[in-house]
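Input: a single structure, listed below in structure tokens.
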Ligand SMILES: [Fe+2]
Ligand SMILES: [Fe+2]
């Protein structure tokens with residue numbers, strides 16, 4: 001873990017210099033920088049983060065030239081929501097405070113003039129919180145990597161059909177990006193990223209010869225392949241599985257026009273998670289090599305997706321895909337698709353209208 005950085009902003013040179021000195025003396029293993037105004041601070045934060053250094057705390061005076069302290073905090077929060085903001089002011093303006101808390105997730109407000117000990121304690125707490133959150137994030141990523149490895153092993157158990165089987169991983173990335181671009185909330189986006197790779201887990205129950213058959217499937221074989229959605233849910237039955245995971249496994253082959261399987265539900269009756277995975281899965285499948293078909297280029301696959309708006313796919317999701325096509329193409333060609341969707345977890349999505357999830361009863365046999 002590299003050294004954490006602390007940014008102090010005040011246009012009064014003596015104040016910012018003494019604050020920097022005080023923090024350097026009392027908090028070991030951090031880099032402390034003093035800056036005179038908001039634009040300089042934004043540039044410094046961008047530069048440090050671009051170099052891979054982590055800015056943990058931003059301490060700013062409210063009264064600054066060019067932009068106020070709370071505007072600076074709000075601006076930085078848009079790009080780097082993990083940074084802990086501390087606002088310092090001699091004027092207890094409740095509107096400014098409320099705005100900083102609501103729009104920039106303010107960590108602390110400190111009245112001017114402050115006591116050195118109060119400031120040091122506040123910065124230490126902010127650093128602790130920042131470090132704990134980073135650690136949790138790293139653990140979450142580790143779990144995700146293990147999750148993907150496990151899915152690949154399960155799906156693969158004798159069924160390897162591509163030398164580089166990244167289908168599950170890419171479907172997770174496409175699904176998370178779709179949910180993000182739709183403005184859905186961060187917990188739903190995270191769940192899509194975690195669960196979408198599981199969509200075909202039931203294929204581990206389909207005979208190897210059928211999955212790798214280099215010719216069109218017979219009607220009987222196709223019927224057997226269709227059972228992978230129910231097998232997937234059966235596999236997870238012993239654990240209390242999140243309904244979002246269950247829905248996307250069970251219904252990812254439903255179509256918007258009601259001509260898909262398992263239940264032949266149509267439109268918004270199909271759970272949103274499954275509508276998202278349906279598009280993500282098809283996009284990747286069209287570009288993947290399969291024993292029975294050639295691969296399509298991204299452009300041709302994207303055209304196919306657009307042509308199926310309102311037929312196979314939810315037209316609103318197709319719209320979102322079309323508006324952000326370049327980002328999906330970047331995932332499709334990347335050796336590290338997760339890198340392409342970093343913003344999904346670091347920048348808050350633009351919220352959409354509240355969604356009412358459809359309630360679809362489970363088929364009676366499950
Ligand atoms: Fe599937
Ligand atoms: Fe799939």
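Computed from Cα atoms alone, the Kirkwood hydrodynamic radius reported for the chain is 23.1 Å.
Estimated from helical segments only, the mean residue ellipticity of the chain at 222 nm is -16500 deg cm²/dmol, where each DSSP H run of four or more residues counts as -39500 (n - 2.57). The long axis of helix 94-104 is offset from the longest Cα principal axis of the chain by roughly 40 degrees.
Each residue in 241, 16, 57, 350 was given a count of other beta-carbon atoms within 10 angstrom of its own, and listing them fewest first yields 350, 241, 16, 57. Stretching the chain fully between residue 145 and residue 93 yields a gain of 14.1 nm (0.36 nm per residue, less the alpha carbon separation).
Applying the Kirkwood pairwise sum to the alpha-carbon positions of the stretch 31-89 produces a hydrodynamic radius of 11.4 angstrom. The angle separating the long axis of helix 38-50 from the principal Cα axis of greatest extent in the chain is about 50 degrees.
For the stretch 268-283 versus the stretch 12-53, the spacing of their alpha-carbon centroids is 46 Å. For the stretch 157-346, the relative contact order comes to 24 percent (Cα pairs under 8 Å, sequence separation of at least 6).
Axis of helix 13-26 versus longest Cα principal axis of the chain: the two differ by about 70°, to the nearest ten degrees. Cβ crowding within 10 Å ranks 333, 94, 227 as 94, 333, 227, fewest other Cβ atoms first. Beta bridges per DSSP, both residues in the chain: antiparallel share near 5 percent.
Between residue 242 and residue 15, the simple spin-label model (points 7 angstrom out along Cα→Cβ) gives 4.4 nm. When 128, 284, 29 are arranged by Cβ crowding within 10 Å, least crowded first, meaning fewest neighbours, the order is 29, 128, 284. Treat the stretch 4-132 as a sphere of radius equal to its Kirkwood radius over Cα pairs and apply Stokes-Einstein at 4 °C in a medium of 1.567 mPa s; give the translational diffusion coefficient in µm²/s, rounded to a whole number. Diffusion coefficient, whole number: 91 µm²/s. Global dimensions of the stretch 194-251 from alpha-carbon coordinates: Rg and Dmax equal 12.4, 38 Å. Counting 0.36 nm for each residue step from residue 300 to residue 53 and taking away their Cα separation leaves a gain of 84.9 nm. From the Kirkwood radius over Cα pairs of the stretch 157-346, Stokes-Einstein at 20 °C and 1.002 mPa s returns a whole-number translational diffusion coefficient of 128 µm²/s. The value of relative contact order for the stretch 1-60, using C-alpha pairs under 8 Å at least six residues apart, is 51 percent. Centre-to-centre separation between the Cα atoms of the stretch 81-126 and those of the stretch 193-224: 55 Å. Across the chain, Cα pairs under 8 Å and at least six residues apart give a relative contact order of 13 percent.
Read-outs throughout are calculated quantities, based only on the coordinates presented, and are distinct from any laboratory measurement. Please read these numbers as outputs of a predicted model, since none were measured by experiment. Here the Cβ is made from the backbone with ideal geometry for all residues, glycine too, and neighbour counts use every protein chain on show.
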